[in-house]
1. Within 15 Å of the chain's Cα centre (by Cα), over 30 Å from residue 123 (Cβ atoms) and at pLDDT 95 or above: does that describe residue 23?
2. Could you please find all residues in segment 10-32 being under 23 Å from residue 84 (Cα atoms), open to solvent by less than 60 Å² (accessible area, probe 1.4 Å) and not in a loop (DSSP other than H, G, I, E, B)?
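The values are calculated or read from the model by the stated rules, or taken from the named source; none is laboratory data. Here the structure is a predicted model, which is why all the values come from computation and not from measurement. We place every Cβ from the backbone using ideal geometry, glycine too, and count neighbours over all the protein chains shown. SASA here: full protein model, heavy atoms, side chains in, ligands and nucleic acids out. Shrake-Rupley method; radii C 1.70, N 1.55, O 1.52, S 1.80 Å.
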Amino acid sequence: QVQLVESGGGLVQPGGSLRLSCVASGHTLSSYNMGWFRQAPGKEREFVAVISWSRGRIYYADFVKGRFTISRDNAKNTVYLQMNSLKPEDTAVYYCAVDRDHVSTSALMYDYWGQGTQVTVSS
C-alpha cells in the first residue's frame with residue numbers, strides 16, 4: 001500500500017506561483033509513474049500532468065502547458081508540481097496519484113491517491 005501526502009497549496013494572487021509536493025510512504029516511488037490531477041467545485045477531476053518513473057515521458061494538459069512543470073526526486077520519494085502564472089481558473093483541490101503500469105491521462109488508471117491540497121487563486 002502506498003500513502004501519498006500533498007502539500008504546498010494555499011492562497012495566491014493571479015500571476016503568482018506555488019510549488020506542490022507529494023511525498024510517498026509505504027513503497028518507493030522510483031518504479032511508479034506519477035500524476036497530478038485537480039478538481040474544482042462542481043466539476044469532475046481532471047488531468048494536469050504525468051511523469052514516468054524514468055522521467056523519459058512527461059505529458060501536460062493543454063491548459064497548463066508552459067506554466068506548470070512536473071518533476072520528481074526518487075531519492076526523496078517525492079514528486080513536485082511547479083505552478084507559475086496562476087489564473088483564477090486554476091483554483092481547485094490538487095491531487096497526486098500513482099499509476100503502477102501506465103503513463104496515463106485518465107484518472108481511472110491510477111491506483112493510489114493522496115487527500116489533496118487546496119489551491120486558491122484570487123486577488
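1. Against the criterion (within 15 Å of the chain's Cα centre (by Cα), over 30 Å from residue 123 (Cβ atoms) and at pLDDT 95 or above), residue 23 qualifies.
2. Correct list: 10, 12, 18, 20, 21, 22.
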